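The values are calculated or read from the model by the stated rules, or taken from the named source; none is laboratory data. What you are looking at is a predicted structure, and each value in this text was computed from that prediction instead of being measured. All Cβ positions, even for glycine, are placed from backbone atoms using ideal geometry, and neighbour counts span all protein chains on display. Note: accessible area is taken over every heavy atom of the protein model, side chains too, but ligands, DNA and RNA are not part of it. Shrake-Rupley method; radii C 1.70, N 1.55, O 1.52, S 1.80 Å.
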Amino acid sequence: FDDVNMRKAFNYCFDWDSLILDGMNGEGVQNYGPINPDMIGSWTADDPHYYYDEAKCIEHLQLAHDGQVWENGFRMSVGYNTGNIARQTATQILQANLRAIDPKFQIEIVAMPWPAFLAQVRASMFPVFFSGWGEDIHDPHNWVQPFMIGTYAARQGMPDWMRDEFAALVNAGVVESDPEKRAEIYYQLNQLDYDYAPRITMAVATIT
């Protein structure tokens, strides 16, 4: 996943409509970036975002690592915590869509009880894992910090150069007091998040 084409391929191979329908009972909306809807600096419907597109998935798989991924395929484990239907559905969507392109793209789904799963995630044992975040304070910083420079950036082994670039904007956003200027900072952060595709950003529930 150090090749951005690999990360983009996984995004284009993911079907958010199926996740929301089958994993969330239709009660969710795709999140285009790390900031939840209706917050300062959140995405808008016109912003660039990933969507399920098999042709684009194939295109980026063919480009990844100078064609070696497309030629050789891969086998990897994808983890989630037992009992979480949305995350189970997400792993199955990714597995099925990649296998439909070519059986040599193999995803092994690993379900574990939460304590064991969390230990594996913290130890960076999964190349891909599905997890989530619950906010502590209702502020965009409480979302960009863990996903872009903090908890999850560390657990997924995000390279220093990427974290440093994100950090400059994350730190600027949290100290800016003018809401309009703050929103502009987060719009820049959203664009970088799209460009670098450090994760598949899932969906947010529309009910409590």
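So the values come out like this:
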quantity	calculated
Within the range 63-83, considering residues that are small (Gly, Ala, Ser) and under 16 Å from ILE101 (Cα atoms), the one surrounded by the most Cβ atoms within 10 Å (Cβ to Cβ)	ALA64
When residues of the range 1-15 are limited to those that are assigned to a helix (DSSP H, G or I) and in contact with a Cys (Cβ under 7 Å, 6 or more places away or on another chain), the one surrounded by the most Cβ atoms within 10 Å (Cβ to Cβ)	ALA9
Flag if SER42 is among the hydroxyl-bearing types (Ser, Thr, Tyr) and buried (at least 19 other Cβ atoms within 10 Å of the Cβ)	yes
Given (1) over 18 Å from the mean Cα position of the chain (by Cα); (2) over 28 Å from ASP53 (Cα atoms), index of the condition GLN106 fails	(2)
Filtered residues of the range 136-147 (kept if touching a residue at least 24 places away in the same chain (Cβ under 8 Å) and exposed (fewer than 15 other Cβ atoms within 10 Å of the Cβ))	HIS138
Residue satisfying all of: in the range 162-208; hydroxyl-bearing (Ser, Thr, Tyr) and outside any loop (DSSP other than H, G, I, E, B); surrounded by the most Cβ atoms within 10 Å (Cβ to Cβ) among these	TYR186
Residue in the range 153-161 that is open to solvent by 60 Å² or more (accessible area, probe 1.4 Å), modelled with pLDDT under 95, assigned to a loop (DSSP other than H, G, I, E, B) and in contact with a helix residue (DSSP H, G or I) (Cβ under 8 Å, 6 or more places away or on another chain) present	no
Whichever residue in the range 16-29 is under 11 Å from ALA90 (Cβ atoms) and surrounded by fewer than 19 Cβ atoms within 10 Å (Cβ to Cβ) and, among such residues, is modelled with the lowest pLDDT	ASP22
Matching residues, the range 12-51, being among the small types (Gly, Ala, Ser) and closer than 17 Å to ASP139 by Cα	GLY33, GLY41, SER42
Only listed residue being over 16 Å from ARG7 (Cα atoms), among the small types (Gly, Ala, Ser) and free of Cβ contacts under 8 Å to residues at least 40 places away in the same chain, chosen from ALA123, ALA100, ALA86	ALA123
